[in-house]
Amino acid sequence: MDKMTFKTPLAIAIAAASLGVSGAAMADTTMEERLAELEARIIAAEQRADAAEQRAAEAEQQRAATADIESDAEIEERLARVERYADGEEGFSFNVYARSGLLIGEDGKSAEGGPYVTPAGPEGGAVGRLGNEPDTYAEAILNYRMRFDNGAKALYRTMIADGTTSSNDWTGGESDINVRQVYAEFSDLPSFTGAFENASIWAGKRFDRDNFDIHWLDSDVVFLAGTGGGIYDMQLADNWKSNLSIYGRSFADFDVVSSEDPGLEGNTDNLILTSNNYFGNWQWMVNGMSAADNDTRDIGAGQEAAENGFHTMVAYHGDSFFGMGEGSYKAAVLHGQGLGAETKNIGANGDLTDDASSTRLALYGTTYLAPKWRIAPSVLAETSEDRFAEGDSYDWATLNVRLANELTENFEMQYEASYQMIDIDPQGYSSRNEVDGDYTKFTVAPTFKPEVGGFWQRPEIRLFATWSDWDDELNDYSATDSFGSDEFTGSQWTFGIQSEVWF
Amino acid sequence: MDKMTFKTPLAIAIAAASLGVSGAAMADTTMEERLAELEARIIAAEQRADAAEQRAAEAEQQRAATADIESDAEIEERLARVERYADGEEGFSFNVYARSGLLIGEDGKSAEGGPYVTPAGPEGGAVGRLGNEPDTYAEAILNYRMRFDNGAKALYRTMIADGTTSSNDWTGGESDINVRQVYAEFSDLPSFTGAFENASIWAGKRFDRDNFDIHWLDSDVVFLAGTGGGIYDMQLADNWKSNLSIYGRSFADFDVVSSEDPGLEGNTDNLILTSNNYFGNWQWMVNGMSAADNDTRDIGAGQEAAENGFHTMVAYHGDSFFGMGEGSYKAAVLHGQGLGAETKNIGANGDLTDDASSTRLALYGTTYLAPKWRIAPSVLAETSEDRFAEGDSYDWATLNVRLANELTENFEMQYEASYQMIDIDPQGYSSRNEVDGDYTKFTVAPTFKPEVGGFWQRPEIRLFATWSDWDDELNDYSATDSFGSDEFTGSQWTFGIQSEVWF
Amino acid sequence: MDKMTFKTPLAIAIAAASLGVSGAAMADTTMEERLAELEARIIAAEQRADAAEQRAAEAEQQRAATADIESDAEIEERLARVERYADGEEGFSFNVYARSGLLIGEDGKSAEGGPYVTPAGPEGGAVGRLGNEPDTYAEAILNYRMRFDNGAKALYRTMIADGTTSSNDWTGGESDINVRQVYAEFSDLPSFTGAFENASIWAGKRFDRDNFDIHWLDSDVVFLAGTGGGIYDMQLADNWKSNLSIYGRSFADFDVVSSEDPGLEGNTDNLILTSNNYFGNWQWMVNGMSAADNDTRDIGAGQEAAENGFHTMVAYHGDSFFGMGEGSYKAAVLHGQGLGAETKNIGANGDLTDDASSTRLALYGTTYLAPKWRIAPSVLAETSEDRFAEGDSYDWATLNVRLANELTENFEMQYEASYQMIDIDPQGYSSRNEVDGDYTKFTVAPTFKPEVGGFWQRPEIRLFATWSDWDDELNDYSATDSFGSDEFTGSQWTFGIQSEVWF
């Protein structure tokens, strides 16, 4: 028996059960002796069993006390809840888009720049953004998600945003900080059934959920934002999901055509009814808009601003690189008339004429050319007529290629080439001159990342050198734009460092 | 024995203990045989017990290893701490009040509106807010709570707020975003004992903790805010809790009466000593205030602005619907003189004369009329004399009823009727004209909620249609207010969509 | 047997094992009886064992089910992750510096004040801040930390800040709210090895990581901030850590010297190359800077603004109170020339001449004089020549002592004495007059804290009374500064309440 060690109540019970006698010792004993030994052993076992029972009872009490604190299942449930909070599925969460850095010219001073730097820029003609951004722009998105006992969910979102070209830390007094989004969205509503079962509804000020962009041009394909309300994800048929919303936008403090009161200012609203429809990979968007009294706006002698507009987009969201390999692509054709002729910032331009007409093409794809080489070509082009004056025309087309060579876990070389054709005949609108010319930009950007691996991985820290050039004629377009300003007339080198973050 | 399966050490121990023989097999065996069988079975049991002991020891080792990682009690403690963080009891938390939506008139343009739209509005004469709000207004409240080893707690709170009537997303340059609160509050201080045992102290810029409102009128009953410090919840007697604080408010850049320097601007501070006292359901508030040199302010020929003020309020916070059923009600009478004659925004109006005198009544209640029908009637009324000019009088009274019919888990119909009597004789102050007339508003608002069930449940998304009308005479009150402005002269229909959120 | 209670499968097993017979009962039974009894007991035990086995199996199934939910080790891992989120090591976190309160003069109106209130203030000559701050200033720092699979870490930080002397809650329209920091920083990059193994890189707009201050003067020793990028913590030798960064700052909208175009405004950038080097407790900082075309700036007839600058600092970070006891101290000597002659706000002043030269001394320490008495003396002094005009001189020196007497767990008396010598000969720059005089300030501040115990413990709520005085001559320095303004000419009493918070 001394070979046994009684570590726990369980082991004691086991030992007690064994009533152990070795087979060898049993040979020559009488039956009486054998029985007496068995009985003695049973007595000993009984005593040990008493002790074991007591220790077992104590263990059970401890176990019960622990169970009082929390069962494993309860712990798991409580942990799952705090995980939802940590992960932003419930309660507060924080999202960001931000960029900040220096863009310095050969003269050691801040350089003009930005994807909208060319004469086509004001009409949406973006060029490549890499090594071409002069500003600090930051969005702080504060979300709060709620879950209700009946299964319903609600999201509140607000966005505080600021943009500045000042490199100083303190920009009080000149700051543009403002609140770009304030809205609530409900989903999983138990009383929504049938086609509305998976629908969500929203109201407030927001960026439309279904906006999408060509990242490398810093250009949305469509950017619809304003104040209103709507419904997402109505299932109108097996393969047809539909959204319907109304957005208002303010046309504020514009000059009114008035012989009696030359300083009169007008204010009106552009009300936009919008519907997005998804059929598999296809998206069809339709927008109608109306801005009462916008025809009183002074956009120049003999011209009349539109009161209404129409806009439509057909887009394809591809799961491959144009069917040629792994990756993704998006292609969209947009057309708008009247107030709808601003094809990207839907309903945001009140200077458009009633005859204004625009057609835009947007296209991009991403893929790996080789294991460490990524490529992302894109095209954005528009033709527009009778935009701000009878007989005017605004034609431009941008070709852009971003290339990245992943060299280590934390470093890649990025390259961007951008080319834009510009042919604008503004018919004297806003003292602009007719121009026809090209813009070219090349950028090389050694880039650091916490983990390389794809065009959508952020944050990034980049160094860059950019060479850009354009036809002299483009310097004469407008006295108020960048081209043609002091020391910015073409053949420019710029250098800089920048971080870009989103999550 | 073969019917037994040895799943675990415990089961093995049990099996070993049983030394099992079936009763039937025992009948005709000799005693020797029986004893030998017993002994043999004990040997077998012993072997099994050895194996069981080994397996039990292994189980114990595993159990010990798990215990090394973390005992259940420790896990529970750590989990409780992160739960406090998730729930905002410790660390960062986020609170919000926000509304955003469209208010569109029959002409398809943004309409004038707001609970303070009538001539009584500037003096606090609010009307019903449902279907009557033209703005996006959002408060982002960032809290941080600390717990100290000695049991003390501290709260830091800051509030960033913005309001705009623009429907556009980007309002940089015209934004009103500002910081409305920045304060620290300490509680559970171990060296605070006796009457101070449950007291908390604070300093900074804040909304007073004990402000309360009539939600449906967007009007606080008292709204005290500014920069200062104080102490809450002194227990002066068994049934008497008392607060004492000092608040400063800035009277900035006002015109000074001066024959020598006509463009001179003055700045002064209104220092408000305030005490709230609670006796059961009763609240008695007393405020005294002083603004040195405010008598130099130019408020019109022959008038003199007050340098001092007094304000008091008696309020009852009811636990039922006016004693008639389940629900709640609040009733308050307020009176102020001099700078205290602004009865709601305590100490915020420096144009009041030394003789100014105001008395206000505030009243509201909520209850269920029937299982799915909620009602909330309210009254706000004030009479005021010698307010901004000798002999002037500002009398107004608002009656408002909000009604809600809960139709599904996520949908209710809301109705609001609002009526205001206005009788103002401004004695020429600020080019205002004497008016006497009524204002009426009816609103119907189909409302979506994640979970219906009470007047305080938010978020909400509402559609609404509102009809409002007023006596023509009210259009002549002031050239700078809404009534009488272009296309806003009475009998107005407005429509819209809006979200309202708080948490 | 009836004395046994079978609480659990384990107890049953034990009971079954005991086969209990009391010794007394065994005396006179025959062997046959004894054997029969043993056998009967074995049968009974077998039945109990069957039951026990079944219950044990059930317990095992339950145990297995729990294990399916989550093993303890998995729970621990998940808990550790949410703890990182709660503690801000991963995901969102919130940091703050804030102060808010009232500073009221004997006349009951807001008083002038602030550590930079004297004629030396604009050049960085701070005096003691206790009981001397008239503003609400708040920084809200929003951080987001990411961990990547490869071990790399990234930090995104943005800071929203606002400062105002208004006591009102709503300051929309006059608010200075702005975004002071927007940057990303990467560390633990696996492809960084050797001297770069522990290095981190950053880009964006930020306060430099290695800025440090004399808290009681509200003065950084160096404050470098702007937009750029760099690398921290290169290990250049065993005892040499080095940082290298470039910062840009904007010199905006300054008047340009131009006979042709008298209203011309200039904009340029000050590019600052900065390196900090640490050798044990020693820090050596070197800064070179260049602002192209800053020499076109109009700083007064016959003067020319610098285009370049140089700045250096040697500092010692002491682990004791000047070697005399427990505590800490810091000592720094700074020297700058040209644009580097602004010794604290590096590169932030574009009005400095090419000949400008400044040398500054900064010194402070903290220790306990006795168990409940803390002391913190500090010195800040500068001599500067040819600063903004040929032959000018700006000499000033501040001595400050903060003393605290910890009286309870939550209360201490704080005292501050501050003395400044000022000797400025501005040579007519900016219509300033030559002055030579002294400033003195005494403050007593009863202070509440959640937990006393050191100079760096916050939050605090303070009441205070301050007496300050200065030579009359100092009132004549400038028509636009505080000294000499209405009712602020010396021998001033000010009173107030304030909270200060950081975490």
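The values are calculated or read from the model by the stated rules, or taken from the named source; none is laboratory data. Worth saying up front: this structure is predicted, and the values here are computed from it rather than measured. With ideal geometry, Cβ positions are generated from the backbone for all residues, glycine too; neighbour counts draw on all protein chains shown. Note: accessible area is taken over every heavy atom of the protein model, side chains too, but ligands, DNA and RNA are not part of it. Shrake-Rupley method; radii C 1.70, N 1.55, O 1.52, S 1.80 Å.
Checking residue B:289 against (1) outside any strand (DSSP E or B); (2) in contact with a strand residue (DSSP E or B) (Cβ under 6 Å, 6 or more places away or on another chain); (3) at pLDDT 95 or above, which test does it fail?
Here residue B:289 meets the rest and fails (1).
Before we move on, is residue A:299 outside any strand (DSSP E or B) and buried (at least 20 other Cβ atoms within 10 Å of the Cβ)?
In short, yes.
Only one residue in A:347, A:327, A:336 is more than 18 Å from residue A:442 (Cβ to Cβ), modelled with pLDDT of 95 or more and under 21 Å from the mean Cα position of the chain (by Cα), so which one is that?
The unique qualifying residue is A:327.
Which one of C:264, C:273 is free of Cβ contacts under 8 Å to residues at least 40 places away in the same chain, touching an Asp or Glu at 6+ places or on another chain (Cβ under 8 Å) and open to solvent by 40 Å² or more (accessible area, probe 1.4 Å)?
One residue alone meets the criteria, C:264.
Among residues belonging to segment B:193-210 that are open to solvent by less than 30 Å² (accessible area, probe 1.4 Å) and facing chain C (nearest Cβ under 8 Å), point out the one that is farthest from residue C:445 (Cα to Cα).
B:206
May I ask you to list the residues in segment A:177-191 that are assigned to a loop (DSSP other than H, G, I, E, B) and either in contact with a helix residue (DSSP H, G or I) (Cβ under 9 Å, 6 or more places away or on another chain) or more than 7 Å from chain B (Cβ to nearest Cβ) (or both)?
Within segment A:177-191, A:188, A:189 qualify.
At pLDDT below 75, crowded, with 22+ Cβ neighbours inside 10 Å, hydrophobic (A, V, I, L, M, F, W, C) and not in a loop (DSSP other than H, G, I, E, B) - does that describe any residue in segment A:55-71?
So far as segment A:55-71 goes, yes, one or more of its residues are at pLDDT below 75, crowded, with 22+ Cβ neighbours inside 10 Å, hydrophobic (A, V, I, L, M, F, W, C) and not in a loop (DSSP other than H, G, I, E, B).
Just give me the residues in segment A:89-98 being more than 8 Å from chain C (Cβ to nearest Cβ), within 17 Å of the chain's Cα centre (by Cα) and not hydroxyl-bearing (Ser, Thr, Tyr), in sequence order.
Once the filter is applied, which keeps residues that are more than 8 Å from chain C (Cβ to nearest Cβ), within 17 Å of the chain's Cα centre (by Cα) and not hydroxyl-bearing (Ser, Thr, Tyr), segment A:89-98 yields A:89, A:95.
Return the residue satisfying two criteria in turn: it lies in segment C:434-469 and is touching a Phe, Trp or Tyr at 6+ places or on another chain (Cβ under 6 Å) and outside any strand (DSSP E or B), and of such residues it is farthest from the other protein chains (Cβ to nearest Cβ).
Looking at the filtered set, the residue picked out is C:458.
Here is a list of conditions, (1) in a strand (DSSP E or B); (2) more than 24 Å from the chain's Cα centre (by Cα); (3) away from chain A (no Cβ under 14 Å), and residue B:400 meets all of them except one; can you say which number that is?
(2)
What number of residues within segment A:470-503 satisfy the criterion of being of a type in the set (Asp, Glu), open to solvent by less than 50 Å² (accessible area, probe 1.4 Å) and either within 14 Å of chain C (Cβ to nearest Cβ) or in a strand (DSSP E or B) (or both)?
Matching residues across segment A:470-503 total 1.
Would you say residue B:158 is part of a strand (DSSP E or B) and either within 13 Å of chain C (Cβ to nearest Cβ) or in contact (Cβ under 8 Å) with a residue 12 or more places away in the chain (or both)?
yes
Listed residues B:298, B:293; which is within 14 Å of chain C (Cβ to nearest Cβ), in contact (Cβ under 8 Å) with a residue 12 or more places away in the chain, within 16 Å of residue B:251 (Cβ to Cβ) and not small (Gly, Ala, Ser)?
B:293
Looking at segment C:354-379 only, could you name the residues that are under 25 Å from residue C:306 (Cα atoms) and open to solvent by 10 Å² or more (accessible area, probe 1.4 Å)?
C:354, C:355, C:357, C:359, C:361
Being within 14 Å of chain C (Cβ to nearest Cβ) and among the charged types (D, E, K, R) is the requirement here; does residue A:149 meet it?
It is false that residue A:149 is within 14 Å of chain C (Cβ to nearest Cβ) and among the charged types (D, E, K, R).
Test residue B:499 against the criterion of being of a type in the set (Ser, Thr, Tyr), at pLDDT 95 or above and in contact with a helix residue (DSSP H, G or I) (Cβ under 8 Å, 6 or more places away or on another chain), and give yes or no.
Against the criterion (of a type in the set (Ser, Thr, Tyr), at pLDDT 95 or above and in contact with a helix residue (DSSP H, G or I) (Cβ under 8 Å, 6 or more places away or on another chain)), residue B:499 does not qualify.
Tell me the residue from C:175, C:167 that is in contact (Cβ under 8 Å) with a residue 60 or more places away in the chain, surrounded by 23 or more Cβ atoms within 10 Å (Cβ to Cβ) and of a type in the set (S, T, N, Q), please.
The unique qualifying residue is C:167.
Between C:123, C:76, C:139, which is under 30 Å from residue C:352 (Cα atoms), among the acidic types (Asp, Glu) and facing another protein chain (nearest Cβ under 10 Å)?
When all the criteria are applied, what remains is C:139.
Go through segment C:449-469 and give me each residue that's under 18 Å from residue C:496 (Cα atoms) and free of Cβ contacts under 8 Å to residues at least 60 places away in the same chain.
If the condition is that a residue be under 18 Å from residue C:496 (Cα atoms) and free of Cβ contacts under 8 Å to residues at least 60 places away in the same chain, then C:449, C:459, C:460, C:461, C:463, C:467, C:469 are the ones that fit.
Mind telling me which of the residues C:413, C:324, C:421 ends up being among the aliphatic types (A, V, I, L, M) and crowded, with 16+ Cβ neighbours inside 10 Å?
From the options C:413, C:324, C:421, the qualifying one is C:421.
Between B:78, B:99, which is at negative phi, among the charged types (D, E, K, R), at pLDDT 90 or above and open to solvent by 30 Å² or more (accessible area, probe 1.4 Å)?
B:78
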